[in-house]
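The values are calculated or read from the model by the stated rules, or taken from the named source; none is laboratory data. The structure displayed is predicted, hence computed values, not measured ones. Quick reminder, even Gly has a Cβ in these numbers, built from the backbone with ideal geometry, and neighbours come from all protein chains shown.
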Amino acid sequence: MQYVDINEAIKADGLRIVIVKAMPSAWGVAAKAMIDFKSLDYKIAYQIPMADNPELLAWSGTNSGPVVAWNDEPPINRWDDILLLLERLAPQKRLVPENPKERIQVFGICHEICGELGFGWNRRLDLMRPAPGSDVSAFGRKYGYREADAAVANTRVIAFMAELADILKAQKERGSDYLVGNSVSAADFYWAAFSNFVVLQPAEEMPMNPDARPMFMNTPAEIIAAMDPIVIEHRDRIMHTHYKLPVQL
């Protein structure tokens, strides 16, 4: 891993990833951790939160992290495209099972964590919910804040975490520490990162921008009350076993 300027990352060969600077943006945290797990060489650059990032936008078509690029292939930013690229580059350390049933399970869980109207999407809706009488923030406008979706965001989060807890309990009865099958998968990596949207890791493990820490710790009481401890126990186990700590942002 080598930290470089964004312009150097754009011009470089090999694998590059652009992540959000000093923020636990879960899509990028998980992607970087999977790159490390696969022992791939890469360069890393930053997207600066709430800045224009013109070089990144012109290159990738987005002003968000993560963005991943391989050699002269077009840069990509969707979670599933990134995952499939990493599987192609390092198939010997699989994070997507070859077994069709387990593969479907992994992609289904990952979509419910990472995809549109999934867990991360719904937590982000809650984080950018405007105060009564206030307009939607620039952050909200950037990610298409819609009041109808925000109104049910917490309900969706609670329902997802209940299902996740049921999956983990069933897996535990089978003797597995993982969400799917008997080995670590992308689903485990994504949940470990995204769980910080409800229970933020301590600063010694997730040394983020301290000014933003209170925002991530302000999880609604209804979500905390409904959360089964097994989902955070699983996060901690995956983080300590398969991530590099402290997480580098």
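If you filter the range 201-249 down to residues that are surrounded by 14 or more Cβ atoms within 10 Å (Cβ to Cβ) and of a type in the set (K, R), you find that the one that is nearest to Y3 (Cα to Cα) is R213.
Evaluate the range 199-214: report whether one residue or more is assigned to a helix (DSSP H, G or I) and either modelled with pLDDT under 95 or over 16 Å from the mean Cα position of the chain (by Cα) (or both). Looking through the range 199-214, at least one residue is assigned to a helix (DSSP H, G or I) and either modelled with pLDDT under 95 or over 16 Å from the mean Cα position of the chain (by Cα) (or both).
Residue-by-condition table, conditions (1) within 25 Å of L179 (Cβ to Cβ); (2) not in a loop (DSSP other than H, G, I, E, B):
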residue: P24; (1), (2): yes, no
residue: G28; (1), (2): yes, yes
residue: I35; (1), (2): yes, yes
residue: L57; (1), (2): no, yes
residue: P74; (1), (2): no, no
residue: R88; (1), (2): yes, yes
residue: E102; (1), (2): yes, yes
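Applying a threshold of 6 Å to beta carbon distances and a minimum spacing of six or more residues, or different chains, the list of pairs starting in the range 218-236 at a residue that is assigned by TED's automatic domain parsing to the domain that holds A193 and ending at one that is small (G, A, S) reads D228/A165; I230/A165; V231/A165; R235/A192; R235/S195. Out of the residues in the range 59-70 that are over 17 Å from the mean Cα position of the chain (by Cα) and assigned to a strand (DSSP E or B), which is farthest from V20 (Cα to Cα)? Of everything passing the filter in the range 59-70, W70 is farthest from V20 (Cα to Cα).
Mind checking which residues of the range 47-68 are surrounded by fewer than 23 Cβ atoms within 10 Å (Cβ to Cβ) and either within 17 Å of P246 (Cβ to Cβ) or β-branched (V, I, T) (or both)? Of everything in the range 47-68, those that are surrounded by fewer than 23 Cβ atoms within 10 Å (Cβ to Cβ) and either within 17 Å of P246 (Cβ to Cβ) or β-branched (V, I, T) (or both) turn out to be I48, T62. Residue count for the range 155-198 satisfying the condition of being in a helix (DSSP H, G or I) and either among the aromatic types (F, W, Y) or modelled with pLDDT under 95 (or both): 6.
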